[in-house]
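Engineer: Okay, handing you the structure first.
No lab work stands behind these numbers, since they all come straight from the coordinates. On a predicted model such as this, the values are computed, not experimentally measured, just so you know. Every residue, glycine as well, gets a Cβ built from its backbone with ideal geometry; the counts of neighbours run over all protein chains shown.
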Protein chains: 2
Amino acid sequence: MIPVSIITIGDELLIGQVVDTNSAWMAQALNKAGFAVIRRVAIGDNKPDIIHALDEERKQSSVILITGGLGPTNDDITKYVLCAYFGGKMIVDTEALKNVTYLFEEVFKRPLQEINLKQAEVPDCCTVLLNKRGTAPGMLFKQNEKIFISMPGVPDEMMGMMEDGVIPYLIKEFGMECIVHQTLLTAGIGESFLAEMINDYEKSLPSSVRLAYLPAHGMVRLRLTATGKDKAQTSSLLDTLFRQLKQLVAAYMVTDKDETLESVVAHLLTRQNASLALAESCTGGYISHLITSMPGSSAYYNGGVVCYSNAVKEEVLSVNSEILQQYGAVSEPVAREMLTGVLSKLKSTYAIAVTGIMGPGGGSAEKPVGTVWIAVGSALDIQTKKLNLRFDRQKNIQLTAMHGLNMLRQFILSQ
Amino acid sequence: MIPVSIITIGDELLIGQVVDTNSAWMAQALNKAGFAVIRRVAIGDNKPDIIHALDEERKQSSVILITGGLGPTNDDITKYVLCAYFGGKMIVDTEALKNVTYLFEEVFKRPLQEINLKQAEVPDCCTVLLNKRGTAPGMLFKQNEKIFISMPGVPDEMMGMMEDGVIPYLIKEFGMECIVHQTLLTAGIGESFLAEMINDYEKSLPSSVRLAYLPAHGMVRLRLTATGKDKAQTSSLLDTLFRQLKQLVAAYMVTDKDETLESVVAHLLTRQNASLALAESCTGGYISHLITSMPGSSAYYNGGVVCYSNAVKEEVLSVNSEILQQYGAVSEPVAREMLTGVLSKLKSTYAIAVTGIMGPGGGSAEKPVGTVWIAVGSALDIQTKKLNLRFDRQKNIQLTAMHGLNMLRQFILSQ
């Protein structure tokens, strides 16, 4: 596999003003094409650090991708440093100038300033890569078998340049090994229990195959990666090993694709042409937020009621006030009432209802912080479950959402 | 400022399956304490790369913070590599073992596996840092005046350890001057306009005072930091300068404390002993999630209706079906209907109603993606506003929530 380094340049990344989402996107795009990112380095907008990073990364990597520091303001120095580093001089690139002029006249519809013309200047020792989405051109340098490519840090400009120019160029330039991944998602089992369960399997994997554990939000993703010269052969080996892995963790597997729990639930609902409603007390709209973060969710999601107060439970969801008084809001009977209430009120096939105490306050000896009742079901059947969570408010909310969605998934599958 | 490097270890970061949010958080926390992150390096779970990174970063930085690779599974090798690097041998740490046992017995309430006991093993040449939120202990190494600290990659475990252990230790170790901060939050003005507005002020600041722009979710936080030997004197200087800054940005200032917009709204509601209800269509429960993420929100938040379908708008919120048909769901009249509906249904003092098209699908020539109508108000008065957003689904949802909450804040203040 061809080793790649990513250098991101910009003070805003170092002081934590901006979360670097570019690197993850670039790594995924490179991986799909058969390249392995071996190091990512973030540095500030200053010459010695940029030169040091270039010197360092070229030692190990064949390709060095650089983002950021290409804006028109004084703190953006990347291209001048690259020009000096590769021993060139700055010239105006005709194509880049055309692009800058076009963007200002036709797209931004703003007068072109002196400062913007500087964007068309590039070192004379580079190959220019067109930036369809912005004024800063990309620059490709080749020196002693090493390839250096500088791109803008603006995410959609970088993405356009990677897709149109950089990835196709690299694929052509190198004859590399192929790399394939398979990912599955488990729920309801901790990372260490999972590891014990598949310990023998993991030890028996050939050296060309690696297993990674990726825990998040109370679930664990398992990713199997195989590398090889022949695409068909590598894929076939991975398929066989992935099938074995799936069998080993079948009891906890949510999906054998690289997708979220909520998207698994979405597929199940869509396949049945069914609809979903939510009655959320303690999760306060978080499950609804997860569902509606997916484009197209209006096709199966009717909506929900965040019944934070008892009055809303009674008046909007018709929860029986005697049951509320007798058992308290955090109880199995109330979770059931919320479920049947929201199913009929929002005329939905399935629903999830959650009520609990997320903390830090609100707990009692009988019902400590972390006590949660979840109900999932349809007009035909209801399943309930009690959780005893022991984390902070945010994590309690996340875990309750995960359990609710996973219970619904199991409920739909069991029908 | 003391130079710091951050090394993040984990294949999942290199392959792009996980976006690194830890580094930005750490950089901000370090900055506040007077440390400057000069390089951030991400590498995979393998020994030569870890050792190379340690060798490299110690050249320039006084402090090297390491996250990740401390899980109990086979791909997690960080502590064994550190043990070899610093020439120690692995021993069981009594305190760490107590913590692991406590977490399994009292918190997770699950049987302790053989593999989990490995979590209590540490190199004998390190100082152990307690991890209150998980099983992997932190490790501090000191060698030739350089400090190396290894922490878990799980965000809340890392954050807890930074706050309780690492930052206080570093401040003490380097005999830092006293540092004081004042923070204010603005909304409704972009970073570059804000920078123009306070350009002269910023230039006139003494060298012991720094101004940081921290943009997030369509708002910009301004943080003023003063460093000095004498606490009272430094605080007094900062107070004077902060008062000037507040006057300059008064028209856009949401709060002069380091708090969120939703907590400002919460204070306003609490002070009036008023209650809030939400009618969310396009934000799908996100505003409700922001409100209920705050402990104690049940004191003023009655609840909300996520009226994703038109049927829910009509049947739960009594939105007039003729108005829905005539103007469409994304319209000012429907936002008003949703508002009055939720105010009366949930018997609340104030409400926010939002309806819009978040994308990527669902837009039309007349109502493109990003069209949003917001209504805020009470039984006495209603204010509405149209937004034309141009971002992706997630950012459109965040910005709509921000505008809704800010409109409510202004509405309450104007009453």
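Engineer: From the alpha carbon gyration tensor of region B:217-256, can you work out the equivalent ellipsoid semi-axes (sqrt of 5 times each eigenvalue) and give them in Å, largest to smallest?
Structural biologist: 24, 12, 6
Engineer: If neighbour count is taken as other Cβ atoms inside 10 Å, put A:Phe35, B:Phe411 in order from fewest to most.
Structural biologist: So the ranking, lowest neighbour count to highest, is B:Phe411, A:Phe35.
Engineer: Now for a different question. How do A:Leu238, B:Leu408 line up, fewest other C-beta atoms within 10 Å first?
Structural biologist: With the sparsest Cβ surroundings first, the list reads A:Leu238, B:Leu408.
Engineer: For peptide A:278-285, compute the average count of partner chain beta-carbon atoms within 10 Å of each residue's beta-carbon.
Structural biologist: 6
Engineer: Tilt of helix A:22-32 relative to the longest C-alpha principal axis of chain A, in degrees (0 to 90, nearest 10)?
Structural biologist: 90
Engineer: How do the peptides B:91-97, A:387-393 rank, highest first, by the average count of neighbouring beta carbon atoms within 10 Å per residue?
Structural biologist: Order by mean packing, descending: A:387-393, B:91-97.
Engineer: Give the angle, between 0 and 90 degrees and rounded to the nearest 10, that separates the Cα long axis of helix A:231-248 from the longest principal axis of the Cα atoms of chain A.
Structural biologist: The two axes meet at around 20 degrees.
Engineer: Build a GNM of chain B with springs between Cα atoms under 10 Å: which of B:Val100, B:Val154, B:Val18 gets the top mean-square fluctuation?
Structural biologist: Comparing B:Val100, B:Val154, B:Val18 in a Gaussian network model of chain B, the most mobile one is B:Val18.
Engineer: What ³J(HN,Hα) values, in whole Hz, does the Karplus curve 6.51 cos²θ - 1.76 cosθ + 1.60 give for region A:302-316 when θ = phi - 60°, with x put for Gly and Pro?
Structural biologist: For region A:302-316, the Karplus-derived couplings read 7, x, x, 10, 8, 9, 6, 9, 5, 4, 5, 4, 6, 7, 8 Hz, x marking Gly and Pro.
Engineer: Taking K and R as +1 and D and E as -1, what net charge do the other residues with C-beta under 15 Å from the C-beta of A:Ala33 add up to?
Structural biologist: -1
Engineer: If you count the DSSP beta bridges with both ends in the protein assembly as shown, what percent of them are antiparallel, to the nearest 5?
Structural biologist: Beta bridges within the protein assembly as shown, antiparallel portion: roughly 65 percent.
Engineer: Say R0 is 35 Å: what FRET efficiency, to the nearest 0.05, do A:Ala365 and B:Gln383 get from their beta-carbon distance?
Structural biologist: Between A:Ala365 and B:Gln383 the formula returns 0.15.
Engineer: How high is the relative contact order of region A:249-408, in percent, with contacts defined as C-alpha pairs under 8 Å that are six or more residues apart?
Structural biologist: Across region A:249-408, relative contact order equals 22 percent.
Engineer: Taking amide H positions as placed 1.01 Å from N in the peptide plane, with prolines and chain starts having none, which residues 5 or more places from A:Gly44, or on another chain, fall under 5 Å of its amide H?
Structural biologist: When sequence neighbours closer than 5 places are left aside, the close amide H contacts are A:Gly10.
Engineer: Identify all lysines with a Cα-Cα distance to B:Lys385 below 20 Å; exclude those on the same chain that are fewer than 8 residues away in sequence.
Structural biologist: B:Lys313, B:Lys367, B:Lys395
Engineer: Under 1.5 on a/c is rounded, so check that first for region A:147-297, then, if it is not, pick prolate when a/b is larger than b/c and oblate when it is not; a ≥ b ≥ c are the square roots of the alpha carbon gyration tensor eigenvalues.
Structural biologist: Here region A:147-297 falls in the oblate category.
Engineer: Taking 7 Å along the Cα-to-C-beta vector as the label spot, tell me the B:Glu191-A:Thr21 distance in nanometres, rounded to one decimal.
Structural biologist: My value for the distance between the label points is 1.4 nm.
Engineer: Sticking with this structure for a sec: Which semi-axis lengths, in whole Å and largest first, follow from the square roots of five times the eigenvalues of the Cα gyration tensor of region B:99-169?
Structural biologist: Result for region B:99-169: semi-axes of 24, 14, 8 Å.
Engineer: Let me ask another. Enumerate the aspartates and glutamates that B:Lys59 could reach by cross-link, defined here as Cα to Cα under 17 Å, with residues fewer than 8 away along the same chain left out.
Structural biologist: In chain and number order, the partners are A:Asp49, A:Asp55, A:Glu56, A:Glu57, B:Asp49, B:Glu145.
Engineer: Name the most mobile residue of A:Ile66, A:Ile149, A:Ile115, meaning the one with the largest mean-square fluctuation, in a Gaussian network model of chain A with Cα contacts below 10 Å.
Structural biologist: Greatest mean-square fluctuation among the candidates belongs to A:Ile115.
Engineer: While we're here: If a/c stays under 1.5 just call it rounded; otherwise compare a/b with b/c (prolate if a/b is bigger, oblate if not). Do that for the protein assembly as shown, with a ≥ b ≥ c from the square roots of the Cα gyration tensor eigenvalues.
Structural biologist: In terms of gyration-tensor shape, rounded.
Engineer: So which trypsin sites (Lys or Arg not before Pro) in region A:67-101 end up in coil per DSSP with only 13 or fewer other C-beta atoms within 10 Å?
Structural biologist: A:Lys89
Engineer: Averaged over peptide A:198-208, how many Cβ atoms belonging to another chain are found within 10 Å of each residue's Cβ?
Structural biologist: That average works out to 1.
Engineer: What ranking, highest mean first, results for peptides B:129-138, B:228-237, B:174-183, B:290-299 when packing means the other Cβ atoms within 10 Å averaged over each residue?
Structural biologist: Going from most to least packed, we get B:129-138, B:290-299, B:174-183, B:228-237.
Engineer: Per residue of B:65-73, count partner chain C-beta atoms within 10 Å of its C-beta, then hand back the mean as an integer.
Structural biologist: So the per-residue partner count for this stretch is 3.
Engineer: Among bridges DSSP assigns within chain B, what percent are antiparallel (round to 5)?
Structural biologist: 60
Engineer: Follow-up. Sequence-distant or interchain residues sharing an amide H contact under 5 Å with B:Tyr308, placed H: which?
Structural biologist: Those qualifying (amide H under 5 Å, at least 5 residues apart or on another chain) are A:Gly303, A:Gly304.
Engineer: Continuing with the same structure: Tilt of helix B:332-345 relative to the longest C-alpha principal axis of chain B, in degrees (0 to 90, nearest 10)?
Structural biologist: So the helix axis and the longest Cα principal axis differ by about 80 degrees.
Engineer: Further, regarding this structure: Mind running the shape call on region A:2-173? Use the C-alpha gyration tensor, a ≥ b ≥ c as the square roots of the eigenvalues: rounded below 1.5 for a/c, prolate if a/b tops b/c, oblate otherwise.
Structural biologist: The shape class here is rounded.
Engineer: So what are the ³J(HN,Hα) numbers for region A:191-201, from phi and the Karplus equation (6.51, -1.76, 1.60; θ = phi - 60°), rounded to whole Hz, Gly and Pro as x?
Structural biologist: 4, 6, 5, 4, 5, 4, 4, 10, 4, 5, 4
Engineer: How far is the Cα center of region B:1-79 from the Cα center of region A:351-401, in Å?
Structural biologist: Spelled out, the Cα-based centre of one part sits 36 Å from the other.
Engineer: In a shell of Cβ-Cβ distance under 15 Å around B:Ile323, excluding B:Ile323 itself, what net charge do Lys and Arg (+1) and Asp and Glu (-1) give?
Structural biologist: So the environment of B:Ile323 carries a net charge of -3.
Engineer: Kindly work out what percent of the DSSP beta bridges joining two residues of region B:261-414 are antiparallel, to the nearest 5.
Structural biologist: Bridges in region B:261-414 are about 55 percent antiparallel.
Engineer: At 222 nm, what helix-only mean residue ellipticity would chain A give, in deg cm²/dmol to the nearest 500, using -39500 (n - 2.57) for each DSSP H run of four or more?
Structural biologist: Using -39500 (n - 2.57) per qualifying helix, the result is -11000 deg cm²/dmol.
Engineer: At a Cα cut-off below 25 Å, give the lysines reachable from A:Lys203, other chains included and same-chain residues fewer than 8 away excluded.
Structural biologist: Those lysines meeting the cut-off are A:Lys229, A:Lys231, A:Lys246, A:Lys257, B:Lys47, B:Lys79, B:Lys89, B:Lys118.
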